[in-house]
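The values are calculated or read from the model by the stated rules, or taken from the named source; none is laboratory data. All figures in this text were calculated on a predicted structure; none of them were measured in a lab. Ideal geometry is used to build each Cβ from the backbone, glycine not excepted, and the neighbour counts take in all protein chains shown. For accessibility, only protein heavy atoms count, side chains too; no ligands or nucleic acids. Shrake-Rupley method; radii C 1.70, N 1.55, O 1.52, S 1.80 Å.
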Amino acid sequence: MAGNALNNFNPYLHGLYAPVREEVSADDLSVVGEIPRDLHGAYFRNGPNPASPPKGMHHWFDGDGMIHGVWFENGKARYRNRYVGTQDLRANGAADMPGIFEPSKDAPGRKVNYRDTANTDLVYHNGKLLALWYISGQPVAVDAQTLETIRTETFGGKLPRNISAHSKVDQVTGELVFFDYALYEPKMWTGNVSRDGVLTQFQEIDLPGPRLPHDMGLTENYVILHDLPVIFSEAAIRNRMWQIHVADQPTRFGVVPRKGGAPKWFEFPTCYIYHVINAWEEGDEVVMAACKMVPNGLKPDPKYGPYAAMADVLALRAQPFRWRMNMKTGEGCEEQIDDAVSEFPVVNTDMTGRKTKFSYHVLFDNCIEQRFTGLLKYDLETGASERHEFPQGVYGSEPAFAPQEGSAAEDDGWLVTFTADKYGNSEAHVIDARNFAAPPVARVKLPQRVPAGFHGVWAQGA
Ligand SMILES: [Fe+2]
């Protein structure tokens, strides 16, 4: 089958997901409502945006990374989008390097065998953005004002390996705490980069086998690594899958001292987790809240042809849970916070690693394609929630929390997200976190559509 015909079946190349071709800059955008004068900073969102139509089988994770940003200052907003200048994009342009659905190729000197796209996640560290990849790739440093790529970040040549998406910044210490994993080696790695960009710690952790984690937990003193029952499989690729679920394998969390040292492992009933809500310490306990995957209740839809299995796996459905791990007794327990289905959780990132009461998630419709119909604000202590629905036919992105400067209240601030509708109109919505169900206080009109994508981040003062 020719490449173009295959692409017709791929839901992640069309509609809300269709890539945009232009790199656009626009100032003084028109606004419905009023941008709060105190809102000063930028919301950035990463996502896949194939630079050319894929020639072979194309996974949603394969698209070249593109960052969309909206900056707010003095009640005004500007927008810009740029590709992430990964080594692979710069070296090969739009040339069709193999994606994760294609058989891997021996590539001496490379740490992954696939097109490394940095398309998944963003952290704001040391005054720059770092674009990070799901399959743990080379971090790419990006200017937080222009979105121009600065370099492949190696921290002065000291970074020994890769950095995975969902590595985290501790806003109290300014440190970047990262993890790395490998498709073929039974190991994970963790490390620490200081506020000013110096690698200060790196260590290797042994596992029973290679693993495919997606996130980690961070507390004041620990990293929480995920040993989950999902692994990469070359064999599965032949069945148009990319990963396999090993049903009889437990879920384990490895609590590793940030300063270095052996992990303490805690075993729980088998489950998979994409995204951590937050983690913190309470006395002797390390606590992690996360969205635990539940069956999506859907069947692979033959209309997606060879992409039916991929679309089914990507139809995320999850519920919020909390795991408590006692570092003194070695005992652990799992508690369900709520039974509503949500994902892509975020918190006030000033409090990453410290106990948070509130989290903000996206809501889905029941479609196999991931469409975010609204946001949900949780009180994590009680499980109570409030909903913010987008208008009918309007779909959002993972939001980021923009704190009110100088306020000590955790939820004093705004949620910022991009939206898109089927006509190709996009906006940036600013939602008052304390008046959550109300319409946005500001809807900023964007000059082009922002395709649905992955993760967002707020950069205060950027
Ligand atoms: Fe993610």
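A few remarks follow.
- Difference of contour (0.36 nm per residue) and Cα-Cα distance, residue 21 to residue 331: 106.4 nm
- Using only alpha carbons, the range 406-448 has a radius of gyration to Kirkwood radius ratio (Rg to Rh) of 1.09.
- Panel note: the C-alpha atoms of the range 215-309, placed on their principal axes, show extents of 52, 25, 21 Å (largest first).
- Percent of alpha-carbon pairs separated by more than 27 Å within the range 332-462: 18
- Considering all different alpha carbon pairs of the range 169-223, the Kirkwood hydrodynamic radius works out to 12.0 Å.
- Value of Rg/Rh across the range 168-272 [Cα atoms, Kirkwood radius]: 1.02
- Spacing of the two label points (7 Å from each Cα toward its C-beta) at residue 262 and residue 437, in nm: 5.3
- Globularity index of the chain is 0.91 (Cα radius of gyration / 2.2 N^0.38 Å, N = number of residues).
- Accessible surface, 1.4 Å probe, highest first, among residues 259, 264, 55: 259, 55, 264
- Listed residue pairs exceeding 21 Å between alpha carbons, taken from 187/259; 76/445; 128/445; 357/377; 55/422; 128/168: 128/445; 55/422
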